Amino acid sequence: MAYIEIKNAGKTFVQGGKEFTALEEVNLTINKGEFICLLGPSGCGKSTLLNAMAGFAPVNYGSIQIAGEEVSDPSVKHVTIFQNYGLLPWRTVQKNVEFGLEAKRLSKAERKETAEKYIELVGLSEFSRSYPRQLSGGMQQRVAIARALAVDPEIVFMDEPFGALDAITRMKLQDDILELCRREEKTIIFVTHDIEEAVYLADRVVVMTPNPGKVKSVVEVPLHHYRDRTSGDFLYVRDKIFELFNLKADTYIEYNI
């Protein structure tokens, strides 16, 4: 049985007195330990789908199950990393990473030891006593990643976490999150509108189209984990996914590369 199973899921909102359909008839299965990218233009429902899986805004119809249980609320087993980092400005790096551990009722010594481990993993040990305002955007996102992984979640949801960063920092953090999450054996659901980012990160890319949000295709990326953005194989997969967005059909497409 799939770890995450989405069946005929739909989500509607009321805006200005009118009903708006954000998601329609979404079907998707995700295995434990997969890195899945939800890819599509703005307004295609990818963040709505992520929020539904995370339990922040459950679907109106259909179902989403994780490990056989219906998703209705956020779970302590799952964490979400947003684009705006979500760090507490009055806390140091160390205390920000310890924040999630406080809910687990660990001792002060255990919290400190765990936080130090993950701060070291993201390469920020020398900044453990710094405050968010003293860090660059990329460093702040590293803190957010360390805080998320410190609570040992089963799933990490990531909503365009690198979208506000410059290209060099973004590529470095892509490498970091791949290394960290594979080392920690996490299931990752990652929202992006960047085709190259999706091909670089994902085991499978879920291509979504808007009005309403639907899954157009699920593309397996047949590349090894350490990918060369300039290789012919990488560019071939990237270009084939790009072609999907130019196809006029709005129904699900079985697509093998």
What's the total number of residues in the stretch 128-153 that are in a loop (DSSP other than H, G, I, E, B) and either of a type in the set (Lys, Arg) or more than 24 Å from SER75 (Cβ to Cβ) (or both)? 6
Looking only at the stretch 26-68, count how many residues are exposed (fewer than 15 other Cβ atoms within 10 Å of the Cβ) and either in contact with a Cys (Cβ under 9 Å, 6 or more places away or on another chain) or outside any loop (DSSP other than H, G, I, E, B) (or both). 4
If you check VAL156, VAL79, VAL97, which single one turns out to be touching a residue at least 40 places away in the same chain (Cβ under 8 Å), in contact with a helix residue (DSSP H, G or I) (Cβ under 8 Å, 6 or more places away or on another chain), aliphatic (A, V, I, L, M) and in a helix (DSSP H, G or I)? VAL97
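Taking ASP152, is it acidic (Asp, Glu), surrounded by fewer than 17 Cβ atoms within 10 Å (Cβ to Cβ) and under 16 Å from the mean Cα position of the chain (by Cα)?
Numbers: acidic (Asp, Glu): yes; surrounded by fewer than 17 Cβ atoms within 10 Å (Cβ to Cβ): yes; under 16 Å from the mean Cα position of the chain (by Cα): yes.
The answer is yes for ASP152.
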In the stretch 31-89, the residues that are within 14 Å of LYS11 (Cβ to Cβ), within 11 Å of the chain's Cα centre (by Cα) and of a type in the set (Ser, Thr, Tyr): SER47
So if I check each of ARG133, ARG170, ARG182, which one is among the basic types (Lys, Arg) and under 21 Å from ARG91 (Cα atoms)? ARG133
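Scan the stretch 238-246 and give yes if some residue there is in a loop (DSSP other than H, G, I, E, B) and at pLDDT below 95, otherwise no. Talk me through it step by step, then tell me what you get.
From the stretch 238-246, those in a loop (DSSP other than H, G, I, E, B) are none; that's our starting set.
Checked against the condition, which is being in a loop (DSSP other than H, G, I, E, B) and at pLDDT below 95, the stretch 238-246 yields no hits at all.
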What tally of residues in the stretch 1-25 results from selecting those that are part of a loop (DSSP other than H, G, I, E, B), aliphatic (A, V, I, L, M) and in contact with a strand residue (DSSP E or B) (Cβ under 7 Å, 6 or more places away or on another chain)? 1
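The values are calculated or read from the model by the stated rules, or taken from the named source; none is laboratory data. Predicted model only: the values in this text are computed from it and were never measured. Methodologically, a virtual Cβ is constructed for each residue, glycine included, from the backbone with ideal geometry; neighbour enumeration extends over all protein chains shown.
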